[in-house]
Amino acid sequence: MTATTHDPTGAPVPFPARIEVDLAAIAANVGVLRERAGAAGVMAVVKADAYGHGLVPSAQAALAGGASWLGVAQLPEAIALRAAGVTAPVLAWLHAPGAGFEQAIRADIDLGLSAPWMLEEVAAAARRAGRTARVHLKVDTGLGRNGAYLFATGAAASDWSTLVERARQLEAEDAVRVAGLFSHLACADVPEHPTVRAQQEAFREAVSVAERAGLRPEVRHLSNSAATLTAPEAAWDLVRPGLAVYGLSPAPEVGSSADFGLVPAMTAIASASVIKRVRAGQGVSYGHTYTTARETTLVDVPVGYGDGVPRHASGVAEVLVAGERRPIAGRVCMDQFVVDVGDLPVAAGDDIILFGPGSRGEPTAQDWAEAVGTINYEIVTRFGPRIPREYVAARAGGQETR
C-alpha cells in the first residue's frame with residue numbers, strides 16, 4: 001500500500017511508505033498513566049512532533065484519554081497547538097534569548113523558566129502585552145542540565161533562591177504569576193538508582209525555598225514516564241510522561257510495554273519496490289558488506305536514512321516480509337535498503353513492516369533500538385515528515401478506521 005501526501009493544489013502525491021499512528025492506543029496509554037498517577041493530573045508531553053507521531057492528532061488523542069495538560073519543549077510547538085484550536089493548558093520550557101514570549105503570553109501558554117534572564121524577558125513581554133504571564137520555575141535537582149541550580153556554591157546564594165525571590169517581586173507587580181514549580185529526573189529508568197530518591201528530596205527542599213519566599217504555585221511536577229510507572233511517591237500534583245504516552249517502555253530493563261499495560265502507537269511500513277532473483281555470491285548495496293550465500297530473492301525497500309532509518313541498522317535490524325522477519329541486507333542508503341527474502345513470495349507493492357506493536361510478529365521499536373545500540377525514543381522520533389502519517393481512529397477486533 002502506498003501512502004499519499006498532497007501537492008500545493010491539493011492533489012494526492014503517492015509516497016512509498018507510511019507511518020500508521022494508533023490514536024486509540026495513545027488515548028488508552030494516557031488512561032493507564034492516569035491510573036498510575038493516582039490523584040495527580042497528567043501532562044502529556046507532545047514535544048518533537050509528539051515523538052514523531054504527529055503533534056496535533058496525538059495531542060487531541062491524549063486529551064481524549066484524560067490528559068489535563070500538554071507539554072512541549074519549544075514555543076512554536078505550543079503556538080501550533082493553539083492555532084489548531086487546542087484550549088487545554090500548555091507548558092513550553094526550552095528557550096533561548098529573543099524567544100517569542102509576548103506571542104506566547106497572548107496565546108495563554110505557560111512558560112517554563114530556568115534562569116533569571118528568562119524571567120526578565122518574560123516580565124518585559126508581559127508588560128508589552130498588558131497581561132500577566134503564567135510561569136513555571138524549573139529547578140535543577142541533580143540532572144545538571146537546564147533549571148536553576150538549587151545548591152549554593154561557596155558563600156553565594158543558589159541560583160534557585162535568586163530566581164524565586166525575583167519571581168516573587170515580579171508577582172507583586174502583576175508581571176508574572178508563578179503557576180508551577182518543576183524539575184526533571186536523571187535516572188528514573190533505573191528505579192533503585194540513588195539519585196531518584198535524592199532528587200525527590202531536593203525537589204521538596206526547592207518547593208520549601210519557594211514557599212518561604214512567598215510563592216504559592218498551583219502545580220508542582222517532577223515525574224517523567226519512568227517515574228510515573230515506577231515511583232508513585234514522586235507524583236506531586238502532575239506527572240509529565242512523554243514516551244509512555246506513545247506506548248513505549250521508558251525502562252525496558254524493568255518492564256516491557258506490555259508489562260506496564262501500554263500499547264505502542266506507531267507502525268512504520270514501506271512498499272516493496274524492485275524485486276529480483278539473484279545468484280549466489282552477489283554483493284548487496286554499498287561496499288558489498290553483505291553477499292548472498294545462495295540463489296535468492298532481493299527486495300528493494302524505498303526508504304533510507306534520509307527518512308529516519310538508522311544507517312546503523314545495516315545488517316542488524318529486522319523487518320517483517322510476507323509474515324517472516326528478515327534482517328536488512330547490506331548498508332542502509334539515503335533513500336532505500338535491501339532485504340534478502342530467500343524464497344518468500346513477495347510482489348511489488350507488498351507491505352514491508354519495519355516495526356510496530358509486535359502483534360503481527362513484526363519487530364518493535366525496542367527491537368530496533370537494541371539492534372542499533374540506541375534507545376526507543378530515538379527510533380520513533382527520527383522518522384521525518386517525508387513519510388506521511390496515517391491516523392487510526394480506533395481498533396476493534398483487528399479492524400481499523402481512519
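So the values come out like this:
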item	result
Members of the stretch 256-302 that are out of contact with any Gly (no Cβ under 6 Å at 6 or more places or on another chain), in a loop (DSSP other than H, G, I, E, B) and either within 30 Å of Ala28 (Cα to Cα) or of a type in the set (D, E, K, R) (or both)	Ser256, Ala258, Asp259, Phe260, Gly261, Arg279, Arg294, Glu295
Unmet requirement for Pro89, which otherwise passes all of (1) touching a strand residue (DSSP E or B) at 6+ places or on another chain (Cβ under 7 Å); (2) assigned by TED's automatic domain parsing to the domain that holds Pro116; (3) at pLDDT below 95	(3)
Extreme residue, surrounded by the fewest Cβ atoms within 10 Å (Cβ to Cβ), among residues of the stretch 277-308 that are out of contact with any helix residue (DSSP H, G or I) (no Cβ under 9 Å at 6 or more places or on another chain) and within 21 Å of Ile19 (Cβ to Cβ)	Gly306
Single residue of the stretch 242-255 satisfying the filter (of a type in the set (Gly, Ala, Ser) and within 17 Å of the chain's Cα centre (by Cα)) that is nearest to His193 (Cα to Cα)	Ala251
Matching residues in the stretch 208-224 - criterion: being surrounded by fewer than 24 Cβ atoms within 10 Å (Cβ to Cβ) and either touching a strand residue (DSSP E or B) at 6+ places or on another chain (Cβ under 6 Å) or of a type in the set (Asp, Glu) (or both)	Glu211, Leu215, Pro217, Glu218, Val219, Arg220
Every residue from the stretch 139-152 that is in contact with a helix residue (DSSP H, G or I) (Cβ under 9 Å, 6 or more places away or on another chain) and free of Cβ contacts under 8 Å to residues at least 60 places away in the same chain	Asp140, Leu143, Gly147, Ala148, Tyr149, Leu150, Phe151, Ala152
Helices (runs of 4 or more DSSP H) (entirely within the stretch 5-119) containing at least 3 residues that are in contact (Cβ under 8 Å) with a residue 40 or more places away in the chain and more than 22 Å from Glu390 (Cα to Cα)	23-37
Filter result for Ala227 (at pLDDT 95 or above, surrounded by 23 or more Cβ atoms within 10 Å (Cβ to Cβ) and out of contact with any Phe, Trp or Tyr (no Cβ under 9 Å at 6 or more places or on another chain))	yes
Only listed residue being touching a strand residue (DSSP E or B) at 6+ places or on another chain (Cβ under 9 Å), assigned to a loop (DSSP other than H, G, I, E, B) and not polar (S, T, N, Q), chosen from Leu185, Leu143, Leu170	Leu185
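Here's the yes/no breakdown for (1) surrounded by fewer than 20 Cβ atoms within 10 Å (Cβ to Cβ); (2) outside any helix (DSSP H, G or I); (3) touching a residue at least 24 places away in the same chain (Cβ under 8 Å); (4) within 27 Å of the chain's Cα centre (by Cα):
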site	(1), (2), (3), (4)
Val122	no, no, yes, yes
Arg127	yes, no, yes, no
His136	no, yes, yes, yes
Gly154	yes, yes, no, no
Glu165	yes, no, yes, no
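The values are calculated or read from the model by the stated rules, or taken from the named source; none is laboratory data. Quick caveat: nothing in here was measured; it's all calculated off a predicted structure. Here the Cβ is made from the backbone with ideal geometry for all residues, glycine too, and neighbour counts use every protein chain on show.
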